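Each remark here refers to the structure printed beneath this line.
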Amino acid sequence: GNFVTTRRTQRRVAWTIGANYLITDNLSVYGRYADGFQTNNTDPITGVELYEIGARYKYRNLLNASVTLFRTNFRSQFYNFIDPLNPTIQTSFLADLGTTGVEVDALIRPVDWFSIDFFGVFQNPTLNNLRLNGVPQPGFDGNRPERTPSTLFTITPTFKLPKGLGEVYGRYKYIGDIFADSGNGISLPAYGVTSFGASVNVTDRLQVSVNADNVFNVIGLTEG
């Protein structure tokens, strides 16, 4: 066959700056800015920008939590995906993607033998300056990027067995609805997966773990 050799030199600096401040022994705040990049098979380089500010709080063994507000920007993201104007073909995309949201991580332990672990992201992702095969498509500005949910969270309650025998836990993972195209014309529904598991300390040197995943046989679509 015929071979084509392509040479390309790309130069970019990635950097970040952050700060933490301890207000009390139980409460701290922090902030960070990061500017990075992602090289692609074709130009241009994708710029990745992150702003975040948050707080962490701990109260004895009852509560350990953090809340983070964030803004993430992907500038000049290049990729191939189904054409929102004609879903039967693939098209070259060049777009700016951004999302603003909050991330919550909390461990609550009301008693020594029971705890609830929660982790969730609640965001508003948007698509801007979309170009299909180099042609601007302003009608899609403000749409949600494909395959990107606005809500994701996981809840894990855990029970400790007596005398250090082990633990039993459940887990519920929720994935919000997504769109299969940039035109937001093909919607895929949200779904939640429930799991159960146990870890048993048979001896000081032997631990047996069992996990049952998706016990309610939920079907979740991740692709259009």
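The values are calculated or read from the model by the stated rules, or taken from the named source; none is laboratory data. Because the structure is a prediction, the values reported are computed rather than measured. Cβ atoms come from the backbone with ideal geometry, glycine included; neighbour counts cover every protein chain shown. Just the protein is used for accessible areas: all its heavy atoms, side chains included, with ligands, DNA and RNA removed. Shrake-Rupley method; radii C 1.70, N 1.55, O 1.52, S 1.80 Å.
The table below gives the values:
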{"read-out": "Net length gained if the chain between V4 and S199 were fully extended (0.36 nm per residue, minus Cα distance)", "value": "64.6 nm"}
{"read-out": "Label of the coordinate-derived value, volume of the Cα convex hull per residue in Å³, listed as (1) 175; (2) 220; (3) 281", "value": "(2)"}
{"read-out": "Protein accessible area in the chain, 1.4 Å probe - carbon and sulfur %", "value": "56 percent"}
{"read-out": "Within the range 22-95, trypsin sites (Lys or Arg not before Pro) in DSSP loop having at most 13 other beta-carbon neighbours inside 10 Å", "value": "R60"}
{"read-out": "Label zone at Q207 (point 7 Å along Cα-to-Cβ), backbone N below 20 Å, the range 107-125", "value": "107-109, 112-118"}
{"read-out": "Packing-based ranking, highest mean first, of 76-85, 17-26 given that Cβ atoms within 10 Å are counted", "value": "76-85, 17-26"}
{"read-out": "Förster-model FRET efficiency, 30 Å R0, L165 and L62, C-beta, rounded to 0.05", "value": "0.80"}
{"read-out": "Mean-position separation - Cα centroids, the range 96-150 and the range 1-49, in angstrom", "value": "19 Å"}
{"read-out": "Residue-normalised accessible area of the chain, expressed per residue, 1.4 Å probe, Å²", "value": "64 Å²"}
{"read-out": "Aspartates and glutamates with Cα under 18 Å of K58, excluding same-chain neighbours fewer than 8 positions away", "value": "D25, E103, D105, D112, D117"}
{"read-out": "Highest average packing first - 3-11, 87-95, Cβ atoms within 10 Å", "value": "87-95, 3-11"}
{"read-out": "Accessible-area order (highest first, 1.4 angstrom probe) of the listed residues E146, E103, E52", "value": "E103, E52, E146"}
{"read-out": "Zone residues, the range 170-189, relative to L85, backbone N less than 18 Å from point 7 Å out along Cα-to-Cβ", "value": "181-186"}
